[in-house]
Amino acid sequence: MDDLKAKYLDLINSAQDEATLEELRLQAVGKKGEVSLQMRSLGKMTAEERQVAGPALNALKNDINDALAMKKAALADAALNERLKTEWLDVTLPARDRRVGSIHPISQVWEEVTAIFADLGFAVSEGPQIETDWYNFDALNIPGHHPARAEMDTFYTHRAEGDNRPPHVLRTHTSPVQIRSMEANGAPIRIICPGRVYRADYDQTHTPMFHQVEGLCIDKDISMANLKWVLEQFFTAFFGTSVKTRFRASHFPFTEPSAEVDIQCRWEDGSVKVGEGDDWLEVLGSGMVHPKVLQAGKIDPNEYQGFAFGIGIDRLAMLKYGIPDLRAFFDSDLRWLRHYGFASLEVPTLHGGLSG
Ligand code: DAH
């Protein structure tokens, strides 16, 4: 027994891996192992012999099992130490420089416009980009034969053959949200509707998708004077300087009277400065909402009236941040985005002057 013990403790001690340990376990204390065989021979012994040999064999078995367990733990420790050596990490190293994304100028201006109008008490309302021709045209007093339909270079969706319903359109302006919000909320209303609009047009100042913000204010005593004041407040807050406006009589099917609004500017080496000089730049269309449009929105024109306006968000961004070509807005050129983009923490606030 002493020989067996010495032999196995020695073998266990010098084992290099778990597989060897398992083999040794089977050889020594497995079913057919040497110690187990010895135990089987207990039956052939006399009672006195068994009293000595039995406990001794049990003790041997325990010793071998203990040695196996200890060695197994030691091997696991050694393996872990080995791994820790190779997987070492210097947590004091400086972090790797990762490129941070930037806020697109359109998103920035969208937020700025929203912040200014929110301060003036306007809520934000949104509508679908795929519209029925009723919301995009008819409800806005643009009937089927009206030249405005052709002028707007509308994208029409496709209808299945035999389906004679008028096709849906990609909305050509944000004005249909006026109707949707009148229907949904009734008067009084004070909202802006920023969003994407679509027209088949492409050059330095036109892209097939661009952005507008619509304004709508309906109540019992709203006039052009309110419109003028609101827009002047807006431009002054947006450009961070007092900006003179000029209202020019114009025509839109959905307003009567209608006015296009210019802001004061100066041209300098091909770029434009807003809020100074003697030139004028057209920036929006506006007017008093046409009675037919109120009716389409289920509002009684004998009781309520109000103003509406539509501004190009992209145009505002170009003017405020000196961006010359509209097309670059949508090229996703990283160099352009890094140059004109804004840091995510430059959140526009009125008290911060709104500029990035
Ligand atoms: N919907 C017009 C356009 O896209 C802009 C516009 C003009 C909107 C006058 C208005 C408005 O609400 O009163 O060209």
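The values are calculated or read from the model by the stated rules, or taken from the named source; none is laboratory data. Small disclaimer: the values here were computed from a predicted structure and weren't measured. Ideal geometry is used to build each Cβ from the backbone, glycine not excepted, and the neighbour counts take in all protein chains shown. These area figures cover heavy atoms from the full protein model, side chains too; ligands, DNA and RNA do not enter into them. Shrake-Rupley method; radii C 1.70, N 1.55, O 1.52, S 1.80 Å.
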Considering only residues that are open to solvent by 40 Å² or more (accessible area, probe 1.4 Å), closer than 22 Å to residue 329 by Cβ and outside any loop (DSSP other than H, G, I, E, B), which ones fall in the range 86-129?
103, 107, 110, 111, 124
Within the range 145-152, is there a residue that is within 13 Å of the ligand (Cβ to nearest atom) and in contact with a Cys (Cβ under 7 Å, 6 or more places away or on another chain)?
no
Could you identify the single residue in 287, 275 that is touching a Ser or Thr at 6+ places or on another chain (Cβ under 6 Å) and at pLDDT below 95?
275
Condition test on residue 204, is it among the polar types (S, T, N, Q), under 23 Å from residue 313 (Cα atoms) and open to solvent by 70 Å² or more (accessible area, probe 1.4 Å)?
yes
Test residue 239 against the criterion of being at pLDDT 95 or above and within 15 Å of residue 316 (Cα to Cα), and give yes or no.
no
Against the definition (of a type outside the set (Phe, Trp, Tyr) and in contact (Cβ under 8 Å) with a residue 40 or more places away in the chain), how does residue 70 come out, yes or no?
no
Are any of the residues in the range 280-288 within 13 Å of the ligand (Cβ to nearest atom), in a strand (DSSP E or B) and farther than 26 Å from residue 106 by Cα?
yes
Take the conditions surrounded by 12 or more Cβ atoms within 10 Å (Cβ to Cβ), in a helix (DSSP H, G or I), among the aliphatic types (A, V, I, L, M) and touching a Lys or Arg at 6+ places or on another chain (Cβ under 8 Å) and apply them to residue 60. Does it pass?
yes
Among the residues of the range 256-274, is there at least one that is of a type in the set (Ser, Thr, Tyr) and within 13 Å of the ligand (Cβ to nearest atom)?
yes
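To keep it simple, each residue is scored yes or no on (1) within 13 Å of the ligand (Cβ to nearest atom); (2) open to solvent by less than 60 Å² (accessible area, probe 1.4 Å).
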residue: 157; (1), (2): no, yes
residue: 160; (1), (2): no, no
residue: 173; (1), (2): yes, yes
residue: 180; (1), (2): no, no
